[in-house]
Amino acid sequence: MPKFRRIPVIVEAVKITRPITIDTLEGSITGNPGDYLITEASGEQYPLAAEVFTNEFEPYKARMSAKSAVMKSMRKVKRKTMDFIKKNGPE
């Protein structure tokens, strides 16, 4: 029998601090404090119970672009060079 896995979906989420009601395509959904407000890539928003959220989602760390990686490396080299010059410069 073939096996399948769920395609990962990346969403933005914030923890709700007060009761809120969101109008969705399925109707109005109420979120309570401690639940999460999910925003999908399409812009659709909906509240999700905290227990369901923690079971279905895990933190996602975006990969750094090549340009960002090079710039970060250059800043580090500059900082290390300046530290070296301050430490070993002429007295």
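The values are calculated or read from the model by the stated rules, or taken from the named source; none is laboratory data. For clarity, every value in this text was computed on a predicted model and none was experimentally measured. As a convention, Cβ positions derive from the backbone with ideal geometry for all residues, glycine included, and neighbour counts pool all protein chains shown. SASA here: full protein model, heavy atoms, side chains in, ligands and nucleic acids out. Shrake-Rupley method; radii C 1.70, N 1.55, O 1.52, S 1.80 Å.
Take the Cβ-Cβ distance between ILE85 and GLU12 as r, set R0 to 41 Å, and report the resulting FRET efficiency rounded to the nearest 0.05.
Computed FRET efficiency for ILE85 and GLU12 comes out at 0.45.
So what's the net charge close to THR54: Lys and Arg +1, Asp and Glu -1, counting the other residues with Cβ under 12 Å from its Cβ?
Numbers: positive: LYS15; negative: ASP35, GLU51, GLU56, GLU58.
Surrounding charge for THR54 is -3.
For SER28 and ARG63, what does the FRET efficiency come to when R0 = 35 Å and r is the distance between their Cβ atoms, rounded to the nearest 0.05?
Values: r = 37 Å, r/R0 = 1.06.
Taking R0 as 35 Å, the efficiency between SER28 and ARG63 is 0.40.
Round to a whole number: what % of the accessible area of the chain belongs to carbon and sulfur, probe 1.4 Å?
On the way: 4840 of 8550 Å².
C and S fraction of accessible area: 57 percent.
Between (i) 106; (ii) 129; (iii) 226, which entry matches volume of the Cα convex hull per residue in Å³ as derived from the coordinates of this structure?
(iii)
What does the helix-only formula give at 222 nm for the chain: each DSSP H stretch with n ≥ 4 adding -39500 (n - 2.57), the total divided by the residues, and the result rounded to the nearest 500 deg cm²/dmol? Present the calculation step by step, with values, prior to reporting the outcome.
Details: 2 runs with 30 residues, N = 91.
The per-residue figure over the chain is -11000 deg cm²/dmol.
Once you list every other residue whose beta carbon is under 14 Å from the beta carbon of GLU44, what net charge do they have if Lys and Arg are +1 and Asp and Glu are -1? Kindly include the intermediate steps, with their values, before the conclusion.
Values: positive: none; negative: GLU12, ASP23, GLU26, GLU40.
Charge balance in the 14 Å sphere: -4.
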